[in-house]
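Working notes, beginning with the structure itself.
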Amino acid sequence: MEDIIKKNDLPSLQWFPGHMRKAQRLVEENLRLVDVVIELRDARIPAASANPMLAEIIQGKPRLIALNKSDLADPAATKAWLAHFRAAGVPAVAIDANKGKGLKQLVAAAEDLARPRTEKFAKAGGRGRAARCMILGIPNVGKSSLINRLAGAAKTKVQNTPGVTRAKQWIKIGTNLDLLDMPGILWPKFEDMTVGLKLAFTGAINDDIYDQEQVACLLLETLRDHYAARLAERFKLTVDLPEKGYELLELIGRKRGCLVKGGVVDMEKATRIVMTEFRTGKLGLVTLDAVPAKTPPPLGEVAPKGSERVTEQSDEEEGQA
Ligand SMILES: Nc1nc2c(ncn2[C@@H]2O[C@H](COP(=O)(O)OP(=O)(O)OP(=O)(O)O)[C@@H](O)[C@H]2O)c(=O)[nH]1
Ligand SMILES: [Mg+2]
């Protein structure tokens, strides 16, 4: 993936410090109200959809990771990522907020995670209370879908009362868990080009920030490198797949009959086809982030304190939760 980016210049993404600071403040305010945090990530990009500041923002608050859109991700990769998070001491579940898959497991994991806090409260003489949680995640990861799904399944839904000062709204999920009816938005690490590109592929970044034709070309090069057979099958490509994304896109456009006058390929139309088919899973179940390889220290050698091991993806925040 890095080589692909080196060969292609993409503009640096814009940085909106004002918006981010505001979002972070809001998250910090709401954090005080909850026992646990549910961090939503995209199962197709479990590393790129993370917020690099999360551990710092939540300040040791118990957290679990929910890999959403697992219906679009490579199941073997999802399994490996879940194992990776759990090995780092962070509970993790795979979910599909659209169809409501994995939600029971998610709720149970959140209750488990909150138990030490709610039990402490009960022992101190107070009545036992439900655990409180909130959802955090980057744009478009499925926060609202998840809240709606959970709220839809909930028997009691606290309604907003008109005319009353905006109080925090909680959704009762079962008897032991209350969910804050407002997710916290976090930003991804989009100044990193590889990360930014993966976010563009999956639709986490607004489509008018990058040139979509360029994004489609880079996506095709990535898929050709890792999922060539599937690409050939889907678009019925019988020739050797061309090296260049642009030529691949042209070939696909031709196969799909996206032609304008003079037999020229309508690249805009071809771009739309490739992006839509990828994002809806028609190009197969794809995960674009590999689980970081953890090389154990050589026998008899202990890694010095504070030393950072170089891994494919930085995940040093994982162990701190
Ligand atoms: N395939 C699939 N699509 C999903 C899933 N969850 C959400 N989506 C889709 O992803 C898109 C974004 O979902 P939202 O729930 O609006 O995401 P959000 O995190 O609230 O987005 P913002 O409010 O913009 O930050 C929508 O088109 C959803 O239908 C899922 O599990 N699988
Ligand atoms: Mg939303």
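The values are calculated or read from the model by the stated rules, or taken from the named source; none is laboratory data. From a predicted model like this one, the values you see are computed outputs, not experimental measurements. In this analysis, Cβ positions are derived from the backbone assuming ideal geometry, glycine residues included, and neighbour counts consider all displayed protein chains.
In this structure, does E233 turn out to be farther than 30 Å from L113 by Cβ, of a type in the set (D, E, K, R) and in contact (Cβ under 8 Å) with a residue 12 or more places away in the chain?
no
Could you look through region 24-78, keep only residues that are in a helix (DSSP H, G or I) and of a type in the set (S, T, N, Q), and pick out the one that is nearest to ligand 2 (Cβ to nearest atom)?
Out of the qualifying residues, it is N30.
Would you please list the contacts, defined by Cβ atoms under 7 Å and residues six or more apart or on different chains, that run from a residue in region 258-281 that is assigned by TED's automatic domain parsing to the domain that holds G245 and assigned to a loop (DSSP other than H, G, I, E, B) to a residue that is more than 16 Å from ligand 2 (Cβ to nearest atom) and small (G, A, S)?
So the pair list comes out as C258/A270; D266/G253.
Take the residues of region 168-188 that are away from ligand 1 (no atom under 16 Å from the Cβ) and touching a helix residue (DSSP H, G or I) at 6+ places or on another chain (Cβ under 8 Å): which is modelled with the lowest pLDDT?
G174
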